[in-house]
Amino acid sequence: MSLLSNLSHLLVLTPCLNMFKSPTQAHNSNSLSAALGARSSPSSTSASPFSSHSRPSHAPVPKGFASLLARASSSQQSQTSTPISIKPARPSQYKTTSQPPTPLKNQRHNHQQQQQQQLLIRSIRSILSSQSASPPSSSTPTTSYETLYSITEEQVSLPEQCSDLYQRVKLEMERAVGQIAASLRSNGSSHLTNPENSDLTWLNQLERSWSDWCDRVSLVRNILLPLDRSYLLSNPQLLSIWDLAMDIFGYKILQDSELSLQAVRRVTSSLNLIRSNPEGSDSNYQKLHSSIASMFLRLDSYRTLEESILQASSQFYRIESEAKLKAIKTADYLLYADRRLTEEAERSSWIYSDKRGRDSNLEIVRTELVGNHSDVILQGLPEMIEQNQLEILKIAYDLLKGVEQLPKLRVAFGNYIKSKGESIVQDREKDDEMIDRLLAYKERIDRIVSKSFGSDSELSNVQKDSFEVFINKRENKPAELIAKFLDQKLKSGNKTMSDQELEHYLDEALILFRYTRDKDMFEEFYKRHFAKRLLLNKSASSDAERSMLLKLKEECGPGFTAKLETMLKDVELSEDVMKSYQAHLSKASKGKESSSSSSFLAPDFELSVNVLTQAHWPTYPKVEIMIPEELNSAAQTFSDFYQGRNSGRRLHWQHSLGTLSILANFAKSGGGVKELQVSTFQAVVLLLFNRLEPGAKLSYSDIKAQTGLEEKELKRTLQSLACGQIPTRVLRKSPQGREVEEEDEFYFNENFKNERRRIRINQIQMKETAEEQKSTEQRVFLDRELVLQAAAVRVLKARKTIKHNELINEVLEQIKSRFTVEVSEIKKTFEILIDKEYMERVEGERGVYKYLA
Amino acid sequence: MKVKLKSFTPVAYWHWDTRDPDDVCGICQNQFDGVCGTCKEPGDGCPLLFGKCTHEFHLHCIMQWLEQHSRKPLCPLCKRPWEEATAEKYQEETAAQQ
């Protein structure tokens, strides 16, 4: 047939072909050879076999070619709007056909038909043959596709021919696919020299065979369209031409154990190659992969492929992660795992055809990289926290969250906090720094929780619980030190920091306080520090004091701060009393002018008395001292005034808490007038020197006799005056030395030098000495015994009889807001209560107590 | 050289002026300087009441007692008729007794 006639056929056929070609290819089809040749060109790989699968079912058999084309194109239009759906896997209807064509009834009549069929089949064979890249060779009589179509139409008009034709087409297809399979097989076993290349080459061949097959089959299907539309429509148990071709290809190649194994193995090894060489471009393979995946998808074998890819991915990362874990640090490993996951997420988008596959791949990779190694990863947690690797910790958090192993992170995090925290708390040599260290530590952990763990509520609970555990690993001391820390902050206060900073410190310390169970210990120490701040007027800011009281009140309830509030009130009340006392004095002195009989003499120094409610203040040891007359009379006058105003009350002086401000002129040393701020004890000693000649000395025993101070207090006082820091040494002692001895003599330091005008002489007796600290602690322990007894009696009173364990639990419940004790302590309390006859054991019943009214 | 006093800031505790500052209220068994069973804060909110019989109680304690025995108000300790004394008078009397 001439090229011209070929072209004329083509003019008719082209639209028909176009429906099976992508639009980009349509312009190539100016000649049939071009159209067929295009199949072997690489660009033809983009021709999707799915879009070409159109079988307008239930359409009536077309009467003419033109009407067929009209229908075909309209059916194509309608199809483009419907999404391509993948047919569910179904059992292959394909069986190896060996039965011969059915014998023809009417030989003579059918002779021509048989010849026609022969021609048709030969043409189809030629089209299908993978060897022929060009139109049917000259050896076979070339027949136009239109003619072939007509032949098919004729064949279809004879029902007995149909089955025969169908079987023969099927045979031709099997043969063609068999050739493809053989070629793939032989190429698969060769190429062994360069395995890396061979995978790509082989897969390319597979892909080409497939797209080629699709092209050829679509041509054949067009020729056999009448068969599809009549015979096969009325025989639904038979596959359409297209489906048959797909089925055969799938069966012979993708379900062939050897070939499918090769395909899958080569796909996975190509993927692994890309994985292990992340810098290399993978775009070449990417295209190939999506075509191959589409093929598997179309041929209902995709799940096998996917499973194998997933398996390979799992295996790849299992091996790699184990090697990495041994080779690099945890932090680097986490970076590596994170990078791998990102890469894999990108790669998944083209490796897997659907979300399900992508998700399961990521899950597998996560499990291999993180999930299976979470224990090893978490062993590196302490180091990452120590080095404050916020970014890495964030990655760790996200990764562990991805594999749902946050519970493990919580445990590891808690263990770290506890062990590290305990090491701070138990570091007895650095007790002074404990609270500062704890606050710094807490801030660090806070930042990790907020920055790295996204303020995960569970993890911040872990933080709280762990802090509570480790702070209470050491009894009482942390509570004591928190009180001391607050004292330092509230004392130095605004001199070194802003109000906000101070508030911040108070809040942070309060959080630590919240964790400690020895609330009573804190209270006692806080009270003592608070008392000193109030009495010595050392509070940096009364606003800060109030704010702290408010915080404590919110935290522990009004009962906790009641005493502290009374203390504050006492001081304020005392100021009011002093105001009215001054008013009273000025009135009295005026009265004196008019009537000179009164012996009342207003002192020539300021007096301001703090009147305290003893029960709410810390107890201080009572110290005897002989007060000089001028001080004593001033105090006495006030006392009379106070008792007159508050009937039924009497004042008791606590001189160990008093302070004075005295002026001393150090003219000789050129120092001029200095204001010394001293305790009452120090003042009483200094005043003794007023009576002496300049330069005269007083012996220790003289001072002792004249002040009446007991030895310990006196030594301490003299030490503060004569042995303190050089700029505060108002007295000199001979012989010199650090300690005060009974043979020592004292005299005024004429050479006293200090640049400041106001000098506070360290009041050693007001300092929290180790002894005092010990006694405070002892007092708290004593109080605890009483609180325990009171709690037990309260419970007994309500219950009359109660079992041992119940009583213990009730008592623990009552005291837990203040402190915790060992059960053995509570048992001791019970013994005491039995001794005191508050309760007795019930006879005949084990472990039951009865309240004795 | 002499030193001169500028200011004096002594500290004093106030106590209820009872015969024995360490004694407890005969009714609630709390310290006089403490509070009766229901009060929280010592001071003018929870004062003492002095009887002519030289017995003293927290005001809240004795008032409750007297309410319960309103027919025949007696001092719960000495069972003499309860009569209130002013603080000053009380102090004088106790001083005289001593």
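Each reported figure results from applying straightforward, stated rules to the coordinates on display, with no laboratory input. Because the structure is a prediction, the values reported are computed rather than measured. Virtual Cβ from ideal backbone geometry, glycine too; neighbours counted across all protein chains shown.
At a Förster radius of 45 Å, what calculated FRET efficiency corresponds to the Cβ-Cβ distance of A:SER157 and A:GLN179, to the nearest 0.05?
On the way: r = 32 Å, r/R0 = 0.72.
Given R0 = 45 Å and the Cβ-Cβ separation, E is 0.90.
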Among B:HIS15, B:CYS61, B:PRO76, the residue whose Cα sits farthest towards the positive end of the charge dipole of chain B (+1 at Cβ of Lys and Arg, -1 at Cβ of Asp and Glu, taken about the Cα centre) is B:HIS15
Among A:PRO382, A:GLN426, A:LEU369, the residue whose Cα sits farthest towards the positive end of the charge dipole of the range A:357-430 (+1 at Cβ of Lys and Arg, -1 at Cβ of Asp and Glu, taken about the Cα centre) is A:GLN426
In debye to the nearest 20, the charge dipole size for the range A:325-542, taken about the Cα centre with +1 at each Lys and Arg Cβ and -1 at each Asp and Glu Cβ, equals 420
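Between A:ASP354 and A:GLU554, what's the calculated FRET efficiency when r is the beta-carbon distance and R0 is 35 Å? Round to 0.05. Before the final figure, lay out the partial values.
Numbers: r = 56 Å, r/R0 = 1.61.
After rounding to 0.05, the efficiency reads 0.05.
If r is the Cβ-Cβ distance from A:GLN237 to A:GLN379 and R0 is 56 Å, what FRET efficiency results, to the nearest 0.05? Before the final figure, lay out the partial values.
Numbers: r = 64 Å, r/R0 = 1.14.
After rounding, the FRET efficiency stands at 0.30.
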Computed about the Cα centre, the charge dipole of the range A:679-774 from +1 Lys/Arg and -1 Asp/Glu charges at the Cβ has a magnitude in debye, to the nearest 20, of 600
Pseudo-spin-label distance A:ALA853 to A:SER150, built 7 Å along Cα→Cβ, given in nm, is 12.7
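The range A:752-825: which GluC sites (Glu not before Pro) are DSSP loop and have at most 11 other beta-carbon atoms within 10 angstrom? Don't jump to the answer; show the numbers that get you there.
Details: sites: A:GLU755, A:GLU768, A:GLU771, A:GLU772, A:GLU777, A:GLU785, A:GLU806, A:GLU810, A:GLU813, A:GLU822, A:GLU825; in loops: A:GLU755, A:GLU768, A:GLU822.
Here the sparse-neighbourhood loop sites are A:GLU755, A:GLU822.
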Magnitude of the Cβ-charge dipole (Lys and Arg +1, Asp and Glu -1) of the range A:771-851 about the Cα centre, nearest 20 debye, reported as 360
Label model pair A:ARG339, A:LYS569: point-to-point distance (7 angstrom along the Cα→beta-carbon line) in nm is 6.9
Using alpha-carbon positions, the gyration tensor of the range B:20-92 gives root eigenvalues a ≥ b ≥ c; with a/c under 1.5 called rounded, otherwise prolate if a/b exceeds b/c, else oblate, the class is oblate
In Å, the C-alpha Rg and Dmax of the range A:312-470 are 18.0, 65
For A:GLU845 and A:GLU743, extending 7 Å from Cα along the Cα-Cβ vector and measuring point to point gives, in nm, a value of 7.4
Full extension between A:ARG265 and A:SER824 adds, at 0.36 nm per residue less the Cα distance, a length in nm of 194.1 nm
